[in-house]
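Asker: Structure provided below as structure tokens; questions to follow.
A short reminder: the numbers here are calculations on the coordinates, not readings from a lab. Nothing here was measured: the structure is a model prediction, and the numbers come from that model. Here the Cβ positions follow ideal geometry from the backbone for every residue, glycine too, while neighbour counts run over all protein chains shown.
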Amino acid sequence: MKKIKVKAYAKINLSLDVLGKREDGYHEISTIMQSIDLADILGFEKSDTIEILCDNPKVPVGEDNLIVKVINLLKEKYQKKEGILVRLNKKIPLAAGLAGGSADAAATIVALDKLWNLNMSKEEKKEIALKVGADVPFCLEGGTKLAKGIGEIFENLKVPSMSLLLVKPDIEISTKEIYDKWDRLNFKSHHATFLVAQAIQEGNIYKIAENIKNDLELVTSRECEVINQIKEELLKKGALGCAMSGSGPTVYGIFDDLERLKRAYEDLKEVYSFVFFSKTIDKGLELYE
């Protein structure tokens, strides 16, 4: 095999409890992560050098890129001499709280495992994923997961199908800065994860929508007032509930009425730089050989 294509899906957080800082610098969290049908498309082919070609000029293509980090880790671990050419069609917005970089890293692990015949076990893939970033292990599997630790200890959940509207204002957020401010401000967690998990187990989207919460919203919305504004607009336009994803600034609303969702989409796309009509899905990656 010389080439492989991967669809790498974004995620939202249906809940995010920040429980404290660990000695390794990461934060202990309890969160429900959910894959959605917004995806980057990555093409991988064997090459003599490492090169990333991306259709978005804002994407860094050097050592800071998580794709490059994965390639270098796998080259070192498996003593590979060859390179890889990656063509990245970037659909997931940058620094948005949607795990776009993590999804691309997960896609790279799976693609190189096939292209380089590494025959990695599930645990070996997860080990590489964790070295790259806290959301990468989730992106490898996708679906609906209650995640603990730094986001790598999973329990599978089965969420009912939900229609979503994603709205991202034209700002980019640094996850590290938001967590640092959370520590300095001494906020207390909402502990929403338990209630959201319970609602998911009952298969009740109204209860899910009523309970979705993200602790980091307390920090990001202080920096960016537009987050509360988007939430108010989504609720006025018929969302059952809404919350910010990750460290932000993307906000999503859950809808049970497609006509209202479409009207909200038409109205909000005139105002915000990124508005996307999305659905929950049960996978993190899709391979095309």
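Asker: Shape verdict for the chain, please, from the Cα gyration tensor: rounded (a/c under 1.5), prolate (a/b greater than b/c) or oblate.
Answerer: Numbers: a/c = 1.71, a/b = 1.51, b/c = 1.13.
Verdict is prolate for the chain.
Asker: Net charge near Lys126: determine it from the other residues with C-beta under 14 Å of the C-beta of Lys126, scoring Lys and Arg +1 and Asp and Glu -1. Write out the running numbers ahead of the final one.
Answerer: Values: positive: Lys77, Lys122, Lys125, Lys131, Lys145; negative: Asp113, Glu123, Glu124, Glu127, Asp135, Glu141, Glu152.
Counting the neighbours of Lys126, the net charge comes to -2.
Asker: Please give the calculated 222 nm ellipticity per residue for the chain, where each DSSP H segment of at least 4 residues contributes -39500 (n - 2.57) and the sum is spread over every residue; nearest 500 deg cm²/dmol?
Answerer: Details: 10 runs with 103 residues, N = 289.
Taking each H run of at least 4 residues, the total per residue is -10500 deg cm²/dmol.
Asker: Moving to a separate point now. Test of the criteria: in the stretch 1-72, which trypsin sites (Lys or Arg not before Pro) are in a DSSP loop and have at most 12 other Cβ atoms within 10 angstrom of their Cβ?
Answerer: Working: sites: Lys2, Lys3, Lys5, Lys7, Lys11, Lys21, Arg22, Lys46, Lys58, Lys69; in loops: Lys2, Arg22, Lys58.
Filter output for the stretch 1-72: Lys2, Arg22, Lys58.
Asker: For Ile109, what charge total do you get from the other residues with a beta carbon under 12 Å from its beta carbon, if Lys and Arg give +1 and Asp and Glu give -1?
Answerer: Details: positive: Lys69, Lys77, Lys114, Lys122, Lys125, Lys126, Lys131; negative: Asp104, Asp113, Glu124, Glu127, Glu141.
The answer is +2.
Asker: Rounded, prolate or oblate: which one fits the stretch 163-279, using the alpha carbon gyration tensor with axes a ≥ b ≥ c (rounded when a/c is under 1.5, else prolate when a/b beats b/c, else oblate)? Before the final figure, lay out the partial values.
Answerer: Working: a/c = 2.43, a/b = 1.18, b/c = 2.06.
In terms of gyration-tensor shape, oblate.
Asker: Here's something else I'd like to know. Over 26 Å between Cα atoms, which of Lys46/Lys69; Lys58/Lys262; Lys3/Lys80; Lys21/Lys283 qualify?
Answerer: On the way: Lys46/Lys69 17 Å; Lys58/Lys262 30 Å; Lys3/Lys80 17 Å; Lys21/Lys283 30 Å.
Lys58/Lys262; Lys21/Lys283, as the Cα separations exceed 26 Å there.
Asker: Still on this structure: Count neighbours as other Cβ atoms within 10 Å of each site's Cβ, and list the GluC sites (Glu not before Pro) in the stretch 128-189 that are DSSP loop with at most 12 such neighbours. Let's see the in-between values first.
Answerer: On the way: sites: Glu141, Glu152, Glu155, Glu172, Glu177; in loops: Glu152, Glu172.
Answer by residue number: there is no such site.
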